[in-house]
1. Please identify every one of the GluC sites (Glu not before Pro) in segment 77-171 that sits in a loop by DSSP and has no more than 15 other beta carbons within 10 Å of its own beta carbon.
2. What FRET efficiency comes out for ALA186 versus ALA157 if R0 is 45 angstrom and r is the Cβ-Cβ distance? Round to the nearest 0.05.
3. Mind checking the full-extension length gain between LYS199 and ILE143? Use 0.36 nm per residue of separation minus the Cα-Cα distance, one decimal, nm.
4. Give me the number: length gained by fully extending ILE120 to LYS58, i.e. 0.36 nm times residue separation minus the C-alpha to C-alpha distance, one decimal in nm.
5. In nm, what is the difference between 0.36 nm times the number of residues separating LEU90 and ASN50 and their Cα-Cα distance?
Amino acid sequence: MLFSLVLVSLMGLVPGNNSDGRAGGGFLLGAAEIDKQAIASILNHHGARNFIAGPIGKDSLDLILQAGARAPSANNRQPWHFTVVQTQSLAQRMVPNIVEGNLLIVISTSGDGKINGREILDCALATESMYLAAQALGLGSRIYTGPMNRINSQLKADLGLPSGYSAVALVRVGQVEQAVDGVSAASSRKPLETIVNYK
Ligand SMILES: Cc1cc2nc3c(=O)[nH]c(=O)nc-3n(C[C@H](O)[C@H](O)[C@H](O)COP(=O)(O)O)c2cc1C
C-alpha cells in the first residue's frame, strides 16, 4: 500500500478506470503523462492467455522486431537471431493451442548446446523487449520456453535457424480481447520486502 501511494505520487498516476472506461485496478496515466507510458507498460504487462483470431499488421511486427534488435547486449554483440513463424501448421508444432493470425518469434543464438550465461541474458533482454513492445501496441503477447526442447531436437531445419544456432525462447503475439484488463489479469508477484535487501 505504501509502495503504491509513493509510486502514485511520484508518477502522477491515478488508480481508476482506463481512458476507454474499462475498469482497472492499476496505475493509469493522466493525459499530461504520456512520457510515463514506458514505466506503465513495464508495470502493467501480463502474459496473454486468451488469444482471439486476427492478423498482426506488418507495421506492428516491424516495430516489435526493432524493439528486439534494439535490446542491450554484452559488448553490444547482439548474438540473437529472430525467426518469425507465420505458417499456422508450423506454429502449431510449437504451441498447440495456436489461434489463427498468431505469430511466433523464435529467438535463437549461436552455441549449439553450449550457450553461455551472457548469451542467454542478451537473448532474454531482446525477448522481453519484443514481449513488452507487442503489448504497448495493443496486442497480446506471451513468452514460452516450454517448446525449446522440441524446437532444438526436431524443428531447427524447418525453422531455418542459422547454422550452429539454438532456440532459447519464443514470443507469441496475437490479437486479444481489448476488454481484458491487463492489471487484474496478471499473476501476483512476490512483495518487494521479500525479494529486496538494502545494504
Ligand atoms: C522465461 C519464461 C518462460 C516461460 N515459458 C512459458 C511456457 O512455456 N508456457 C507458458 O504458458 N507460459 C510461459 N511463460 C509465461 C509465464 O508463466 C508468465 O509470464 C508468469 O507466470 C507470470 O504471469 P503473468 O504473465 O500473468 O504476469 C514463460 C515466461 C518466462 C519469462
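1. GLU100
2. 0.75
3. On the way: separation 56, 0.36 × 56 = 20.16 nm, distance 3.33 nm.
Value of the extension gain: 16.8 nm.
4. Gain on extension, ILE120 to LYS58, equals 19.6 nm.
5. Result for the pair: 12.4 nm of gain on full extension.
Read-outs throughout are calculated quantities, based only on the coordinates presented, and are distinct from any laboratory measurement. Note that the structure is predicted; figures quoted are calculated from it, not measured. All Cβ positions, glycine included, derive from the backbone under ideal geometry; neighbour counts span all protein chains shown.
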